[in-house]
1. Cβ-Cβ under 6 Å, sequence separation 6+ or interchain: first residue in segment 143-165 and over 14 Å from R106 (Cβ atoms), partner of a type in the set (G, A, S) and open to solvent by 20 Å² or more (accessible area, probe 1.4 Å). Which pairs?
2. Taking the conditions exactly as written (hydrophobic (A, V, I, L, M, F, W, C), in contact with a strand residue (DSSP E or B) (Cβ under 9 Å, 6 or more places away or on another chain) and open to solvent by 30 Å² or more (accessible area, probe 1.4 Å)), does V190 satisfy them or not?
3. Name the residue that is farthest from T187 (Cα to Cα), counting only residues in segment 150-164 that are in a strand (DSSP E or B) and open to solvent by 30 Å² or more (accessible area, probe 1.4 Å).
4. Sort out which residues of segment 104-128 are among the β-branched types (V, I, T) and open to solvent by 10 Å² or more (accessible area, probe 1.4 Å), and write them in order of number.
5. Checking W64 against (1) at pLDDT below 90; (2) closer than 20 Å to G193 by Cβ; (3) among the aromatic types (F, W, Y), which test does it fail?
6. Can you confirm whether T169 is under 30 Å from A80 (Cβ atoms), open to solvent by 60 Å² or more (accessible area, probe 1.4 Å) and touching a Ser or Thr at 6+ places or on another chain (Cβ under 8 Å)?
7. Within the bounds of segment 139-149, is there any residue that is surrounded by 14 or more Cβ atoms within 10 Å (Cβ to Cβ), at pLDDT below 95 and not in a strand (DSSP E or B)?
Amino acid sequence: PNTSTSQNPSIVFNTPGTYTVTLTATNANGSDSETKTGYIIVSTPVALPLVEGFQNVTFPPAGWFLTDYNANGTWARTTAAGGFGASTASALFDNYNIDEAGSRDRLSSPKYDFTGYSAATMTFDVAYSRYNATYSDSLAVLVSTDCGATFTQVFLKGGTTLATAPDLTTAFTPTAAQWRTESVSMTPYVGQGNVMVVFQNRGRYGNNLYLDNINITGTGAPVASVAIAQTTGTNPMCAGASATFTATPTNGGTTPTYSGGGGGGTYQP
């Protein structure tokens, strides 16, 4: 329904789009309302590849969304540093100024269609410096195939393992040499039609974390093929004689359908 008087309504959104939600509480002394603008995002899967370098000034990029659990700051776009190549911007989590106290804010991608591929790979650039051993942050990457109902963790690094530069007690801004490219196999998700990737900052009031040049590419599934060999009978043969053929499907092929020329032959698998 468009409106409901239930305390915990269940709403079905049948049309893709971004929706605003308003809750109004009323008693004998009056009423109060809270509105969440753009709170619900309903989208359909899009085709690979995923290519995002945060070059557009709009953030989050179209189809992406942010989750700010503490409401004290979250992922943002910065032009202070870009990853490898010609990038002049990146995504930043300012752990230097924002004390997340272990909160796990998310930068979530659109949903992608992985059907029709035999393999897939994700790469992204990261730059990070710890504040020190006490104040140290982590980056996790999660994958959901059910619109965020459940997640699988496919990447986790923190502290010195995540760091691309030495500890720094001032706000970290990476140089061109202080980036690293990470690679994650996405092959376990080929064949899935609804794959969402989440970059999760696990903040401990450490230092700035940068993310750039996110790419997911798929390798097309090989075209099914078949090898056919004659196993009995002569060739050429007399009219009315018979021959046996053996078919071997490959690359995911199934038992083929036999067909012949215009000689009126009969074919039986």
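1. Between residues of segment 143-165 that are over 14 Å from R106 (Cβ atoms) and residues that are of a type in the set (G, A, S) and open to solvent by 20 Å² or more (accessible area, probe 1.4 Å), the close pairs are G158/S138; G159/S136.
2. Taking the combined requirement at face value, the residue satisfies it.
3. To start, the set of residues in segment 150-164 that are in a strand (DSSP E or B) comprises 152-158.
Those still in the list that are open to solvent by 30 Å² or more (accessible area, probe 1.4 Å) too: 152-154, 156-157.
Details: T152: 14, Q153: 14, V154: 11, L156: 18, K157: 21 Å.
If we take residues in segment 150-164 being in a strand (DSSP E or B) and open to solvent by 30 Å² or more (accessible area, probe 1.4 Å), then K157 is farthest from T187 (Cα to Cα).
4. The answer is T115, T121, T123.
5. (1)
6. No: the conditions fail for T169.
7. For segment 139-149, residues surrounded by 14 or more Cβ atoms within 10 Å (Cβ to Cβ), at pLDDT below 95 and not in a strand (DSSP E or B): present.
The values are calculated or read from the model by the stated rules, or taken from the named source; none is laboratory data. Owing to the predicted nature of the structure, the values given are computational and were not obtained by experimental measurement. Virtual Cβ from ideal backbone geometry, glycine too; neighbours counted across all protein chains shown. Heads up: the accessible areas ignore ligands, DNA and RNA and are worked out on the full protein's heavy atoms, side chains in. Shrake-Rupley method; radii C 1.70, N 1.55, O 1.52, S 1.80 Å.
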